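Visitor: One structure follows; several queries about it will come next.
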Amino acid sequence: MGKLFFSTNYDADTGGHFGEFGGRYAPELLMPALKELEQAYLSAKQDPNFEQELMDLYANYSGRPTPLYHAVNLSQQLGGAQIFIKNEGINHSGAHKINHCLGQALLAKRMGKRRLIAETGAGQHGLATATVAAKFGFACTVFMGEVDIARQRPNVFWMEQLGAEVRSVSFGSRTLKDAVNAALKDWFSSVEDTHYVLGSCLGPHPFPSMNRDFQAIIGLEVQEQIQQYGFAKPDYLVACVGGGSNAMGLFNTFLDDDAVQIIGVEAGGRDVGMLGEHAARFQGGRPGVVEGYKSFFLQNGDGQIAATHSVCAGLDYAGIGPQLAFLKQVGRVRMTYALDTEAIAAFKLLAQTEGILPALESAHAVAEAIKLAPTLGKDKTIVVNLSGRGDKDIFIVTEALGDAKWLEFLRSKVGQAEQISTKGRK
């Protein structure tokens with residue numbers, strides 16, 4: 001396997017710019033912390049002991065390598081290309097997020113920080129941050145929008161059991177972008193002893209490059225694993241794209257190989273033709289500078305960040321990582337989208353053909369593979385990054401499917417809770 005830290009033709013310059021995107025647009029108060037982080041990151045890249053410790057954590061704590069699974073049943077049913085699932089949901093804590101959280105925790109330790117803060121939408125990044133905080137002995141605060149807390153309550157419970165404080169964000173749209181703003185506000189006043197574990201390949205430099213490097217283990221593993229099935233390389237890579245951490249983790253290894261076609265899948269929501277009903281940045285978005293970096297953002301007529309919608313919290317974000325914006329601009333990555341209904345249908349099909357329950361974020365990538373595979377020959381390969389597992393989405397999926405048995409179960413549990421509460425008051 002290649003080293004974790006390597007260069008491609010699509011890397012940022014020394015100022016953190018990917019073409020016109022990226023950069024470090026932050027208040028002066030945060031500049032020392034960002035420069036401290038950059039120096040720690042650059043130093044760690046040159047330190048073989050850092051990479052060795054991180055790779056050991058990947059293997060013996062997180063459980064890597066995650067499997068590359070040939071989805072034979074799904075491939076046969078679709079009648080085209082061979083579909084392979086890179087199952088990041090088997091990671092400790094249930095998603096790819098643990099990869100960059102482990103890397104950032106090691107950097108925080110090197111910098112002498114005592115506290116970690118994070119933002120989260122679907123809860124998987126918050127859960128991973130709380131997990132590494134518990135392991136390394138950091139205090140931990142996770143910011144999460146009220147809307148996302150309501151639809152991802154299981155992850156909130158687990159974060160709290162790990163010792164993290166989960167702070168509800170009640171302003172704005174009460175979703176991921178507002179959780180980011182709340183985390184940044186906290187960091188303003190606590191930079192001396194706090195590290196902000198930003199949850200994707202976005203934000204001010206060095207976060208986009210740093211998190212990409214910590215996630216690059218995904219593509220490095222795929223490069224070796226696909227050869228064990230008798231293929232020199234994948235023909236297509238497909239990943240869902242919110243901020244872009246799981247996508248860049250898969251894509252980065254193959255960026256310089258033009259024979260490998262790369263597809264990112266955004267959240268088409270209910271209607272990509274109506275602002276506020278989707279989170280597909282390349283369906284009406286335009287360049288802007290928000291939350292410390294320049295990229296594509298969904299904006300209203302006044303240039304303010306627009307409301308977004310997705311069936312899943314992890315893709316419900318108005319911006320996209322700057323390297324992905326650059327890769328789309330130069331034509332190296334093709335961007336498409338999947339609607340809420342298509343993601344739910346893909347969730348069901350993968351579950352019933354392969355016995356795998358994908359996170360709804362990942363189901364968007366599966367939906368694209370379902371469309372793509374029948375158009376290709378059986379000798380072609382598609383690798384789909386399954387960024388996480390779907391148990392966190394049980395409330396959303398059961399509501400979408402109208403599961404009467406689950407609704408009755410919830411009613412019974414509410415009744416039990418009310419009886420316990422009544423007894424307690426007596």
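Bear in mind that the values in this text are calculations on the coordinates, not laboratory data. What you see is a predicted model, and the numbers here were worked out from it, not measured in a lab. As a convention, Cβ positions derive from the backbone with ideal geometry for all residues, glycine included, and neighbour counts pool all protein chains shown.
Visitor: Report, by residue number, each residue of segment 321-347 that is outside any helix (DSSP H, G or I), of a type in the set (Gly, Ala, Ser) and under 18 Å from the mean Cα position of the chain (by Cα).
Guide: Kept after step one, since they are outside any helix (DSSP H, G or I), are these residues of segment 321-347: 321, 330-339.
Now drop any that are not of a type in the set (Gly, Ala, Ser), which leaves 321, 331, 338.
Scanning segment 321-347 gives 321, 338.
Visitor: Now for a separate question. Only one of (1) more than 30 Å from residue 373 (Cα to Cα); (2) hydroxyl-bearing (Ser, Thr, Tyr); (3) assigned to a strand (DSSP E or B) fails for residue 61. Which number is that?
Guide: Every listed condition holds for residue 61 apart from (3).
Visitor: Another question, then. Do we have residue 254 as in contact (Cβ under 8 Å) with a residue 12 or more places away in the chain and farther than 16 Å from residue 100 by Cβ here?
Guide: Details: in contact (Cβ under 8 Å) with a residue 12 or more places away in the chain: yes; farther than 16 Å from residue 100 by Cβ: yes.
Judged against the criteria, residue 254 is a match.
Visitor: I'd like the residue in segment 74-90 that is among the polar types (S, T, N, Q) and touching a residue at least 40 places away in the same chain (Cβ under 8 Å) and, out of all such residues, is farthest from residue 44 (Cα to Cα).
Guide: Step one: of segment 74-90, the residues among the polar types (S, T, N, Q) are 75-77, 82, 87.
Applying the additional criterion that residues be touching a residue at least 40 places away in the same chain (Cβ under 8 Å) yields 75, 77, 82, 87.
Details: 75: 42, 77: 46, 82: 38, 87: 28 Å.
Only one residue fits best here, namely 77.
Visitor: Pairs, please: C-beta under 9 Å, at least 6 apart or cross-chain, first residue touching a residue at least 40 places away in the same chain (Cβ under 8 Å) and of a type in the set (Lys, Arg) and in segment 60-73, second buried (at least 18 other Cβ atoms within 10 Å of the Cβ) and part of a loop (DSSP other than H, G, I, E, B)?
Guide: 64/91
Visitor: Also, I was wondering about something else. Which of the residues spanning segment 279-302 are in contact with a Lys or Arg (Cβ under 9 Å, 6 or more places away or on another chain), surrounded by fewer than 24 Cβ atoms within 10 Å (Cβ to Cβ) and assigned to a loop (DSSP other than H, G, I, E, B)?
Guide: Residues satisfying the conditions are 282, 291, 292.
Visitor: I need the full set of residues from segment 348-404 which are surrounded by 24 or more Cβ atoms within 10 Å (Cβ to Cβ) and in a loop (DSSP other than H, G, I, E, B), in order please.
Guide: Across segment 348-404, the qualifying residues are 359, 387.
The rows are residues; the columns are (1) closer than 19 Å to residue 95 by Cα; (2) in contact with a helix residue (DSSP H, G or I) (Cβ under 9 Å, 6 or more places away or on another chain); (3) small (Gly, Ala, Ser).
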| site | (1), (2), (3) |
| --- | --- |
| 143 | yes, yes, no |
| 152 | yes, yes, no |
| 156 | yes, yes, no |
| 159 | yes, yes, no |
| 170 | no, yes, yes |
| 176 | yes, yes, no |
| 185 | no, no, no |
